[in-house]
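Where a number appears in this text, it was derived from the coordinates with a stated rule and is not lab data. Just so we're clear, the structure is a prediction, and the values are computed from it rather than from any experiment. No Cβ is skipped: glycine too gets one built from the backbone with ideal geometry, and neighbour counts run over all protein chains shown.
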Amino acid sequence: MTTVEERNYKVIGTRPIRHDGADKVTGRAIYGIDFHLTGELWGKILRSPHAHANIVRIDTSKAEALPGVRAVITGRDLPVAADMEIDDGETSLNTMHLSNNVMAHRKALYRGHAVAAVAADNQHIAEDALALIEVEYEVLPPVLIGRDAMKPDAPLLHPEQTTKTMAYRFDPGTDTGDKSNVAGRTEMRLGDVDEGFKNADVIVEREFTTNWVHQGYIEAQNATVLWNNDDSIQVWNSSQGTFNQRQLMAEILKHPVSKIRITPQEIGGGFGGKIPVYLEVPAAVLSKKSGRPVKMMMTRAEVFEGTGPASGSQMVCKMGATRDGKITAAYAELVFEAGAFPGSAVGAGAQGMFTTYNIENVLIHAYDVVVNKPKSAAYRSPGTPQTCYAAESVVDELAKKLGIDPLEFRIKNAAREGDRRADGVQHPIMGNTECMEALKATDHYKSDLGGPNRGRGVASGYWGNAGMPASCAVSINPDGTVSLAEGSPDIGGSRVSLAMMTAESFGIPAEDVIPSIKDTDSIGYNGLTAGSSTTLRNGVAIAQVAKQAVDLMRARAARLWETDVDNVDFADGVFFSKAESELKLTFKEMAGKLMETGGPISTAASVAPRGAGPSFSTHMVDVEVDPETGKVEVLKYTAAQDVGVAIHPSYVEGQVQGGAAQGIGWALNEEYFYDGDGRMVNSSYLDYRMPTSLDLPDIDAILVQVPNPDHPFGVRGVAEISIVPPLGALANAIEAAVGVRMQELPMAPHKIVKALWDKESESNGAG
Amino acid sequence: MRPIEYVAPTTVEEAVAALVEKGEAARPLAGGTDILVQLRGGRRAVDRIVDVKKIPELNELSYDPQSGLRVGAAVPCHRIYEDDAIAEAYPGLMDAATLIGGIQIQGRASLGGNLCNAAPSGDSIPALIAHNAIAEVAGPGGRRDVPVEDFCTAPGRTVLGPGEFLVAMRMPAPPANFGASYLRFIPRNEMDIAVAGAGASVVMDGDTVTECRVALASVAPTPVFAEEAGAALVGKAPSDEAIAEAAQAARAAAKPISDMRGTAEYRTHLVGVLTTRALRNAIQRAKEA
């Protein structure tokens, strides 16, 4: 393995201005909603006011009669989708569920569930038309909490749904035939936990609850769709994967993929939430019915209530360790609320839960449970922030009971190369302990807290990252620049990092690469911009296309120099003859000679890389708790993360800081607040309480670089892991500050005050 | 879509006429930071908006150390806190004016609008009560004065009758050794609605409190004038015990509900904490005055 220093990169590791920067800072970038077609209509969705109800009757006649209304649709206007599982990159999806989620058929399964849609000459007419649609509901009792939904007498959301049992994350599973709200039950087993707990001197067992949270991307879901007279469908939207959405639309609409073209517009954040389709399908059907292009955009309340937040959970976590600090066993029971349809991230959460540590005996029972809430979607390291919050809280308590420094305890038990995850997979080369050691070396770790009611917490985390296919093409321009065509929407700065890997390959400056993101007809298949895989997989494709282009250019140089191609080499941006040292051409010079040596050169490659380097990270945070109000001030934050090779360090740091910021929000204040009828009552940014800039400290990002040996540029995913440690780190810091162990998220001020009261009355009782 | 008529009278009389004509379906607009959001969100429906900003009297801000402060109902927050003399004389008002919304909102939002919106959480209302503010109301029957503590009658409802609107608020000149403060609790550090708020003012004579007013936000259907809390301190030195007694009286005056912003139990607790802190702050300011 080479270190990043030994690789001697010229472009990689520098911080050039991103290629899309000027457009974005001047407001000229075209986001989904900025795209317009002549004659476009506005579409709006009518949503269920009830969390659980049979749809008895829908009468759209009054809405259809309203002047300016061009089409009205309900679930009946969608084809009956096949009951079929499809791989969705980060999670698997069932086509029928997906279809029922974008437009309810017969049953509304959560408040905000789409039941009808209209297209009209403008937004106001569309809104007025919604009010004219008559829906008769038979309201059913809602099931809102996972543990309640598992009870034998719980109302069933899907009366025909049976429980499947699984042994690992993407296991197709075995059908038990038991009708239940439990869609899946996964058991991950390593070693013998009973034996492991017997060998423990200290055991800690705790229950944890986390609430639903939203990704909180700024740009609301939107789509402009034209279903043309030749039955071709064109979509302009912002998503995390054009090819994935093309496939989902094809399955739901029973339409050939080749007749659907998706053109990605700039995207204002996704974090996993823009993987599924929502508006694209009703907009397409409205367009077909009206014969006009249809534009739709969600309000913020619709985004909260009608898209895919992250699951709430109820968890039990038990861990044991010997007196000298070796963790001997770990057990967990994880109940994840999938929302209205199966498919929570509980499998991923289970996979990542104890993976930071080398534990020989692990048993995890994971339940995927449907409840009357929106269908959960991926959110940055899906499932793992919840499970690691539980695990890291218990690890901290074990360390405290054993009198060992929490960071030392983690280093002592840290997983290393060759150790196994709970599902048996062995760890490749990675930088887990390196992150912990890097934190230990900081001034932050050595500093005093500087006041009363302050505490310091650490927590670690793991995320497996994903591979997924990618396709890229390069063409060599006569002025020595390179056009890079790719097909992965750029959310976190991938254009510039892909351009930098291209530039490195050709020995030219990053500015001399011109990246652009193509529609689904103009580039080969690309997986999702998700799973922290965009830079990784496109880097593999870029290494291939660059090699192909360089080889073709070597042949041209050989022709010029009247020598064999094997005599021509390329290094540091220069073609040179191995036979005659004076024969040299820079990349730029050679690019200018292509037309006279046989014509233009362009190359393309499609790849499906394996060996996504896993991510490890440890965070440390100082907080001050106001014991009278329960308010937590985050004072200081340091995050150390193994980033493989940081292609553009600024954007890697941004990913680390962004995940930490979202994790702080998840830990302290964000939650879906439901009333007893299953209505979310805080569906606005005012009341949902994401952190603002004034709620966040400077977040110090330490980039630990342990290159991924399976990648041409040493890249490993960097975007998701940063949201995993903050929840546990904050819980541990609060415990250190005021002595209460918060077992429920969010750790809102009123809960901390309550915990302090309980602690006081306990100690009074004991005294 | 409901069409809305916009009128911008330039005299009080014209405004009254414009309001009277449409009754409940007309609504005055000053900075618009509440009503526009309510209209857009479908939480309020009107046929006519009467923009009162064009009436000169509603934009007047005058302060005299003898006669006191008069704030036109449409004067935006930033004009108040950018006036050094007013900022020094009315510290509780200052706390509130700098808390409402963000900087951009403070460029439009008025204290008059905050009062007329009559939200239980209105941040300026307890401060106005602490400063003994009187609301000046104009209507078809002429003008009348209403003490601010009597202005709000229910969430979003006020004493304003048909055709009536708020013209200005008057506050007496602060006596010597006066101090005031407004504090609210929000889980974040900005952009939030008070879970609870407390405003307090004191007049000191040596180490004795001679006057004291306490008012609360977000703990009842309307802002609360906690008279007993103020009375608990009058005639006493502001010892920890005396302040605790006042805080206890404030807690007793609070009638909070549990909702997404906090439980009733927690809000009552916060009233005690915030009243204590606001009183301490006001006393400190009185000593420095």
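Side notes on the structure shown:
- Computed E for B:D64/B:V159 - FRET, C-beta separation, R0 30 angstrom, nearest 0.05: 0.65
- Take each residue in A:684-695, count the other chain C-beta atoms within 10 Å of its C-beta, and the mean is 4.
- Taking every residue in B:256-262 and counting other chain Cβ atoms within 10 Å of its Cβ, the average works out to 4.
- Cα shape, segment B:161-266, gyration tensor, a/c 1.5 rule: oblate
- Value of [θ]222 nm, deg cm²/dmol, for chain B, DSSP H segments ≥ 4, -39500 (n - 2.57) each, nearest 500: -10000 deg cm²/dmol
- Taking a ≥ b ≥ c as the square roots of the Cα gyration tensor eigenvalues, segment B:5-51 comes out oblate, since a/c reaches at least 1.5 and a/b does not exceed b/c.
- Placing +1 on the Cβ of every Lys and Arg and -1 on the Cβ of every Asp and Glu, with nothing else charged, gives the protein assembly as shown a dipole about its Cα centre of roughly 1340 debye.
- Here's the list of lysines a cross-link from A:K584 could span, going by alpha-carbon distance under 18 Å and ignoring same-chain residues fewer than 8 apart: A:K593.
- Across every pair of non-identical alpha carbons in segment B:59-171, the mean reciprocal distance, once inverted, gives a Kirkwood radius of 13.9 Å.
- With both labels modelled 7 Å from their Cα along Cα-to-Cβ, the A:K198 to B:I4 distance reads 7.4 nm.
- The separation of segment A:122-161 from segment B:43-107, counted between C-alpha centres, amounts to 46 Å.
- Fully extending the segment from A:Q548 to A:S232, taken as 0.36 nm per residue of separation minus the present Cα-Cα distance, adds 110.3 nm.
- For the segment B:181-189, counting C-beta atoms of other chains within 10 Å of every residue's C-beta and taking the mean gives 5.
- Order by protection proxy (mean Cβ within 10 Å, highest first), peptides A:47-58, A:525-536: A:525-536, A:47-58
- Given R0 = 45 Å, the distance between the Cβ atoms of B:D84 and A:L696 translates into a calculated FRET efficiency of 0.90.
- For chain A, dividing the convex hull volume of the Cα atoms by the residue count gives 172 Å³ per residue.
- Segment A:681-754-segment B:249-271 distance, computed between alpha-carbon centres (Å): 30 Å
- Listed pairs A:K373/A:K631; A:K400/A:K440; A:K44/A:K288; A:K401/A:K759 exceeding 20 Å between Cα atoms: A:K373/A:K631
- In a simple Cβ point-charge model (Lys, Arg +1; Asp, Glu -1; nothing else charged), segment A:1-74 has a dipole of about 100 debye relative to its Cα centre.
- Lys, Arg +1 and Asp, Glu -1 on Cβ, resulting dipole of segment B:99-255 about Cα centre, debye, nearest 20: 540 debye
- Averaging the Cα positions of each part gives two centres, and for segment A:594-668 and segment B:122-168 these lie 53 Å apart.
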